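Input: a single structure, listed below in structure tokens.
The values are calculated or read from the model by the stated rules, or taken from the named source; none is laboratory data. Because the structure is predicted, anything quoted here is derived from the model rather than measured. Every residue, glycine as well, gets a Cβ built from its backbone with ideal geometry; the counts of neighbours run over all protein chains shown. Remember, those area values only see protein heavy atoms, side chains included, never the ligands or the DNA or RNA. Shrake-Rupley method; radii C 1.70, N 1.55, O 1.52, S 1.80 Å.
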Amino acid sequence: MSHVMNTYARQPVAFVRGQGVWLYDESGKPYLDALAGIAVNTLGHNHPRLVRALTEQIGRIIHSSNLFQIPLQEQAADRIAAITGLDEVFFCNSGLEANEAAIKVARKYGHDRGVAEPAIIVMEKAFHGRSLATLSATGSRKVQAGFEPLVQGFVRVPLNDLEAVRQVAANNKNVVAVFIEPIQGEGGINVSRLDYLRGLKEICDANDWLFMSDEVQCGLGRTGKWFVYQHAGIQPDVVPLAKGLASGVPVGCCVVGNRAKGVFKPGNHGSTFGGNPLAMCAVVTTLDTVKDEGLLENAVKVGDAIRNGLAAALAGVEGVVEVRGMGMMIGVELERPCGELVKMGLDAGLVCNVTADNVIRLLPALVMNGVEGRQVVERLAPLVKEFLARGAAQPRLAAAR
Ligand SMILES: *Cc1c(COP(=O)(O)O)cnc(C)c1O
């Protein structure tokens, strides 16, 4: 019997080695990795530059403490400030911690302005993490159920609905921030319209609210720009990051600027592990490699080819609702729950994921090339057709009996 706590329904495969966008199980069988550890392995597996940098860093120093100067943390923060256009970076170890920091920044910002019970606008179907504050911000009853009482101070509206936000603005004087996942990952690859993001930003400016963009999953180059808000040409005040930030080493951060600059003072927040030299080496190397290898351009080129390829291969197939996404963040929505497709993919040598019950989700490493992208389409499209054909046969079989 396993002593690992039973919090995940795991697939019956263990990957023991990876190379680029390929994973290998214990028997040596290769799998094309179109998931990258849920948008984590930005540089794929075993990237020589990352392996070399980390190996050297381990031999120098792994951890000191935030009680002391950490030059690599300064370097990582400089790079993150440069790509976000913001000013201050707090380092932590995961996405939920980055969001927890964002929520605390918003509350502190409210209190500093005399709002005793600050509220934050959040979106339906958003995912922000599994701590008490972040699950309360999350728009999924499944994530919240069993953990009530929830943390107070969140007001929920539908995504892509500016009128709903205007109504909250008119009626709730406690609101201090809007917290949005501009492309919802766990929620099923739901993309914010760019004019909606711009409208949201205008409402934030008019009311002196913080605009907080949870780019834990969609950020860091996946959509072809460093961040989704850059597609809309706007500047947020708070940007939580994690998943792809260090290609697999656990790192998160909360980046602030504009109205949120200077909100946190010494003593307001902290983390024992956050920003340690090993993690910071992975951040610096990941960001430099994305830049040096032109991976933003690659994400657009290969991501669009996968999305267009799937749309073409699945055009007119009954049971396919939509192929959508941006760059290397792709969802294929089916009419019915399709969790089985994950196992069918593994059998066929493809690693993908299903989220929100009926959306096949692809989040490949940014290093995936065009040939590999084509293989993703060639492996996935027939499986989707097979799955849908099986389902279509079932009612007929039942009727015959
Ligand atoms: C994964 C995710 C989180 C939570 O990250 P953890 O590292 O699992 O805590 C938060 N927000 C978004 C948008 C995510 O995709």
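Evaluate the following for VAL323: is it assigned to a strand (DSSP E or B) and either closer than 14 Å to GLY221 by Cα or assigned by TED's automatic domain parsing to the domain that holds ALA365 (or both)? Criteria met by VAL323. Taking region 218-244, which residues are open to solvent by 10 Å² or more (accessible area, probe 1.4 Å), under 26 Å from MET368 (Cα atoms) and polar (S, T, N, Q)? Once the filter is applied, which keeps residues that are open to solvent by 10 Å² or more (accessible area, probe 1.4 Å), under 26 Å from MET368 (Cα atoms) and polar (S, T, N, Q), region 218-244 yields only GLN230. Among the residues of region 230-279, those that are charged (D, E, K, R), away from the ligand (no atom under 13 Å from the Cβ) and in contact with a Leu (Cβ under 9 Å, 6 or more places away or on another chain) comprise ASP237, ARG259, LYS261. The set of residues from region 89-139 being out of contact with any helix residue (DSSP H, G or I) (no Cβ under 8 Å at 6 or more places or on another chain), away from the ligand (no atom under 16 Å from the Cβ) and touching a residue at least 60 places away in the same chain (Cβ under 8 Å) comprises ARG107, LYS108, GLY110, ASP112, ARG113, VAL115. Is at least one residue of region 350-369 modelled with pLDDT under 95, among the charged types (D, E, K, R) and more than 19 Å from GLY309 (Cα to Cα)? There is no residue in region 350-369 that is modelled with pLDDT under 95, among the charged types (D, E, K, R) and more than 19 Å from GLY309 (Cα to Cα).
When the residues of region 63-72 are filtered to those that are polar (S, T, N, Q) and under 16 Å from PRO266 (Cβ atoms), which remaining residue is least open to solvent (accessible area, probe 1.4 Å)?
SER65
At least 1 residues being within 15 Å of the chain's Cα centre (by Cα) and not polar (S, T, N, Q) is the threshold, and among the strands (runs of 3 or more DSSP E) wholly inside region 145-264 those reaching it are 175-180, 210-213, 238-241, 252-256.
Within region 265-315, work out how many residues are part of a helix (DSSP H, G or I), without any contact (Cβ under 8 Å) to a residue 40 or more places away in the chain and more than 21 Å from ASP78 (Cβ to Cβ). Let's see the steps before the verdict.
The first filter runs over region 265-315 and keeps only residues part of a helix (DSSP H, G or I), leaving 277-292, 295-313.
In the following step, the residues that additionally are without any contact (Cβ under 8 Å) to a residue 40 or more places away in the chain were identified as 291-292, 304, 307-308, 311-312.
Still in the running and more than 21 Å from ASP78 (Cβ to Cβ): 304, 307-308, 311-312.
The number of residues fulfilling the criteria is 5.
Scanning region 143-191 for residues that are of a type in the set (S, T, N, Q) and within 16 Å of the ligand (Cβ to nearest atom), we see that the one that is nearest to ARG107 (Cα to Cα) is GLN144. Among the numbered conditions (1) open to solvent by 20 Å² or more (accessible area, probe 1.4 Å); (2) more than 23 Å from PRO266 (Cβ to Cβ); (3) among the acidic types (Asp, Glu), the only one that GLU181 does not meet is (1). Go through LEU96, LEU43, LEU86 for me and flag whichever is outside the structural domain of VAL175 (by TED's automatic domain parsing) and crowded, with 18+ Cβ neighbours inside 10 Å. Checking each option against the conditions leaves just LEU43. Residues that are acidic (Asp, Glu), closer than 18 Å to ILE120 by Cα and within 16 Å of the ligand (Cβ to nearest atom) do occur in region 199-216.
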